[in-house]
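As structure tokens, the structure follows; a few thoughts come after it.
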Amino acid sequence: MRTNLTQNYVFRKFTCGLSKKDTAELCFKSVTTITRWDKGRPIPPECKRLMRIYKGMELATINPNWEGWKIKNGELTNSAGVSLRPEQILTGYALLEINSENERAFKTKIIQTARMLKNLP
């Protein structure tokens, strides 16, 4: 079976790395519909967006605060090269939730300094 390399086929197969079956499940479509897309029928914008999000190409479409962030090799990465594994994110969140004594002391020091700066002429 010979497959024509349409833009849709290249986008699905090579850009997003999705099989027909995976694409069908992701977009709530049939494999027949995906085959039609591969042959040149337009992919609905919402399905393209889902495919990009799945690949980690478009986190900003979820929320503008994610601009510059993507998922690459299972890690959350930004344009500055910061790369975070899921366990690092969970650890950071846990540390914030603990609200350790050192953190409280640091916050107190910042507030005291801010109050002193406010009183300067």
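The values are calculated or read from the model by the stated rules, or taken from the named source; none is laboratory data. Since the structure is predicted, the reported quantities are computational estimates derived from the model, not experimental observations. Cβ atoms come from the backbone with ideal geometry, glycine included; neighbour counts cover every protein chain shown.
Summary of values
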read-out: Total residues in segment 56-75, condition crowded, with 17+ Cβ neighbours inside 10 Å and either modelled with pLDDT of 90 or more or not aromatic (Phe, Trp, Tyr) (or both); value: 4
read-out: In segment 1-54, the residues that are surrounded by 14 or more Cβ atoms within 10 Å (Cβ to Cβ), in a loop (DSSP other than H, G, I, E, B) and not charged (D, E, K, R); value: 6, 16, 18, 43
read-out: Scope segment 76-98; condition surrounded by 14 or more Cβ atoms within 10 Å (Cβ to Cβ) and closer than 24 Å to residue 25 by Cβ; matching residues; value: 76
read-out: Residues being within 29 Å of the chain's Cα centre (by Cα), more than 29 Å from residue 15 (Cα to Cα) and of a type in the set (Asp, Glu) - total across segment 75-116; value: 1
read-out: Residue within segment 61-74 that is assigned to a helix (DSSP H, G or I) and under 23 Å from residue 8 (Cβ atoms) present; value: yes
read-out: Test: residue in segment 66-88 that is among the hydroxyl-bearing types (Ser, Thr, Tyr) and within 30 Å of residue 5 (Cα to Cα); value: no
